[in-house]
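Every read-out reported here was derived from the displayed coordinates using simple, explicitly stated rules and does not represent laboratory data. The shown structure was predicted, so the numbers you read here are calculated from the model rather than taken from an experiment. Virtual Cβ from ideal backbone geometry, glycine too; neighbours counted across all protein chains shown.
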Amino acid sequence: MNRLENKVALITGGAGGIGQATAELFLAEGAKVVIVDMNKEALEKVIDQLDHPNLSYCVADVSKTEDTQNYVKRTLDVHGKIDVFFNNAGIEGISRPISEYPETVFDKVIAVNLKGVWLGCQYVIPKMSEGGSVMITSSVAGLKGFSGLGAYVASKHGVIGIMRVAALEFADKKIRVNTIHPGPVNTDMMRRIEKDISPENPSEALESFESSVLFGRYAEPREIADTALFLASDESKYCTGCTYVVDGGMLI
Ligand code: NAI
C-alpha cells in the first residue's frame, strides 16, 4: 500500500523505539522520512538498519530553539515541504515522590517533553502544507496520575493542551493535530524505567507493569506506529483535536 505516497514526514525521537518503528512503516507506505534525534550514533544505526533511499536524518535537541529551526530548514531545503510531523521525542525522568523529586530532573523533563513539543508546534506547523497532520506522543500518563512520575505526568498532560490549541489555530489550513497515548511499550525507555523502579530485579517491575495492562503485555513499537500511520494518512482527514489511546486496555 502507498498510504503516504508523495508525503514528507518529520519524526522527532526518530532514533528511539517508537520513532524507528514509525519511520520504517512510513517508508514502506511511500513517504520520504527525516528522523530527528539528539543521539547521532543511534540515528546512524537506524539509517544503516533501515537502509532506505528515502530516509535521512538531522541531529537536534528538540528543547533548543535553534536546533528546531535548523531541522525545519534542512527538511525544507532537501524536500521542499513537510506534510506529516510526528512530535515524539521524550524522556522519562526518574521515579520519586513529588516531595523528593530533584528540581533539575523536573526542569529537564519539562524542557524536552513539554517545551520540545511546543517548539516543534511553533516552528514546524506554520511551514507545513495545507492538509498536513501533526501527531504528538503523550502517554497514558497524560490521562491519569502515576505515583512517582510527577514530572512525566505533568509534561504528558501538558501536551494535550498544546495539541488542543494547535488544532484550533491551524484548522484554517486544514492541518490536523492529535495526541497518541501509549501504555507501556517495549522500548529502551521501559527498560530504563524498570531498572529505576527495581534496580535489583527489573523483571519484577516488568511483570507488575504487564499485569496492569488488560492484555497482559507491553505494546510493540509497531503497534503505536500503526496508529501514527492512520493519523498521518488521509484516512484520518476528519480527525483533529483528539486523544488516541493505544494501551491494551490499561485505562479501562
Ligand atoms: P526511546 O527512549 O526508545 O526513544 C526516545 C528518543 O528520543 C531517543 O532516541 C532519544 O535520544 C530521543 N531524545 C530524547 N531527548 C531528546 C531531545 N532533547 N532532543 C532530541 N531527541 C531526544 O523511547 P520511546 O519509547 O521510543 O519513546 C518515544 C515517545 O513515546 C516519548 O515521548 C515517550 O515519552 C512516549 N511514550 C513511551 C512509552 C513507552 O512505554 N516506551 C509509553 C508512553 C509514551
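Structural remarks
- The ranking of Met128, Met189 by Cβ neighbour count inside 10 Å, starting from the fewest, reads Met189, Met128.
- Neighbour-count ranking [beta-carbon atoms within 10 angstrom, fewest first] of Phe215, Phe230, Phe86: Phe215, Phe230, Phe86
- Within the chain, helix-based [θ] at 222 nm, where runs of 4 or more DSSP H residues each add -39,500 (n - 2.57), nearest 500: -13000 deg cm²/dmol
- Within straight-line cross-link reach of Lys32, lysines at Cα separation under 23 Å, skipping those fewer than 8 residues along the same chain: Lys7, Lys40, Lys45, Lys73, Lys81, Lys127, Lys173, Lys174, Lys237
- Debye intensity ratio in log₁₀ form over the Cα atoms of segment 66-136, taken at each q of 0.13, 0.26, 0.28 Å⁻¹: -0.46, -1.15, -1.26
- For His181, His79, the sequence from fewest to most other C-beta atoms within 10 Å is His79, His181.
- Packing, as the average of other Cβ atoms within 10 Å across residues, places the peptides 131-142, 232-243 in the order 131-142, 232-243, highest first.
- Nitroxide proxy distance, nm - points 7 Å out along Cα→Cβ at Lys127 and Asp77: 1.0
- Farthest towards the positive end of the charge dipole of the chain, among the residues Leu4, Tyr152, Cys121, is the Cα of Cys121, using unit charges on the Cβ of Lys, Arg, Asp and Glu.
- Only Lys, Arg (+1) and Asp, Glu (-1) charged, at Cβ; the chain dipole about Cα centre in debye: 760
- Rg and Dmax over the alpha-carbon atoms of the chain stand at 17.2, 53 Å.
- Efficiency of FRET from Cβ geometry, Thr104 and Phe146, R₀ 25 Å, rounded to 0.05: 0.75
- Gained length - Asp51 relative to Arg217, 0.36 nm times residue gap less alpha-carbon distance: 56.7 nm
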